[in-house]
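The values are calculated or read from the model by the stated rules, or taken from the named source; none is laboratory data. Treat the numbers as computed from the prediction; the structure is a model and nothing was measured. A quick note on method: Cβ atoms are made from the backbone with ideal geometry, for glycine too, and the neighbour counts reach across all protein chains shown.
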Amino acid sequence: MNPLHPNFVTGFSDAEGCFYIQIIKDSSYKTGYRVQAIFIIGLNIKDITLLKRIQSFFNAGNIYTQDNKVYYKLSSIKTLSIIINHFEKYPLRTQKHADFLLFKLIVEIINRKEHLTNEGLQKIINLKASLNQGLSDTFIKTSYPNTIPVQRSIVKNNQVYDPH
């Protein structure tokens with residue numbers, strides 16, 4: 001089987017991928033919250049072969065099934081750097097690129113261990129407020145009432161790449 005083309009992986013991720021920041025109440029952390037950055041693609045179980053090929057392309061991540069769905073997930077900082085490097089070299093073309101830029105900033109904050117401080121956590125929450133659907137967790141909204149969503153990038157260069 002031929003390896004996947006990097007532009008295919010980017011295009012498929014543009015359509016089906018999700019950059020997600022999970023903030024979980026956890027009293028073992030000084031801030032009271034655990035932060036996890038996640039890249040995930042979810043498909044119908046019948047498309048598991050494609051997700052296995054994407055996993056093989058990145059040589060990282062996990063595949064799991066739930067109900068009639070299959071998911072490819074990366075959440076460790078090491079594997080997220082692989083994804084970030086890929087999308088910097090082969091940029092997303094839709095508004096998902098704006099989510100990627102916010103996600104990348106959050107991963108950088110986590111890499112610097114700033115998420116372990118209240119100031120760093122507030123930075124992440126401000127970024128998360130502009131990512132995807134924004135803040136959905138009422139508890140975080142009430143715990144961090146000073147949250148100010150950051151300016152979200154506008155993707156203007158959405159030309160389709162044609163390698164031929």
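Considering the stretch 1-12 alone, what residues qualify as being among the aliphatic types (A, V, I, L, M), over 19 Å from residue 99 (Cβ atoms) and surrounded by 14 or more Cβ atoms within 10 Å (Cβ to Cβ)?
4
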The conditions are (1) touching a helix residue (DSSP H, G or I) at 6+ places or on another chain (Cβ under 8 Å); (2) of a type in the set (S, T, N, Q); (3) assigned to a helix (DSSP H, G or I); (4) over 17 Å from residue 22 (Cα atoms), and residue 85 fails exactly one of them. Which is it? (1)
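This table checks each residue for (1) among the β-branched types (Val, Ile, Thr); (2) not in a strand (DSSP E or B).
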{"residue": "4", "(1), (2)": "no, yes"}
{"residue": "19", "(1), (2)": "no, no"}
{"residue": "35", "(1), (2)": "yes, no"}
{"residue": "42", "(1), (2)": "no, no"}
{"residue": "51", "(1), (2)": "no, yes"}
{"residue": "65", "(1), (2)": "yes, no"}
{"residue": "72", "(1), (2)": "no, no"}
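Only residues that are outside any strand (DSSP E or B) and within 30 Å of residue 121 (Cβ to Cβ): list them for the stretch 6-17, please.
Of the stretch 6-17, the ones outside any strand (DSSP E or B) are 6-16.
13, 14, 16, listed by residue number.
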Please count how many residues of the stretch 13-48 are touching a helix residue (DSSP H, G or I) at 6+ places or on another chain (Cβ under 7 Å), within 18 Å of residue 97 (Cα to Cα) and surrounded by fewer than 17 Cβ atoms within 10 Å (Cβ to Cβ). 0
Among the small types (Gly, Ala, Ser), surrounded by fewer than 16 Cβ atoms within 10 Å (Cβ to Cβ) and either at pLDDT 85 or above or assigned to a loop (DSSP other than H, G, I, E, B) (or both) - does that describe any residue in the stretch 114-125? no
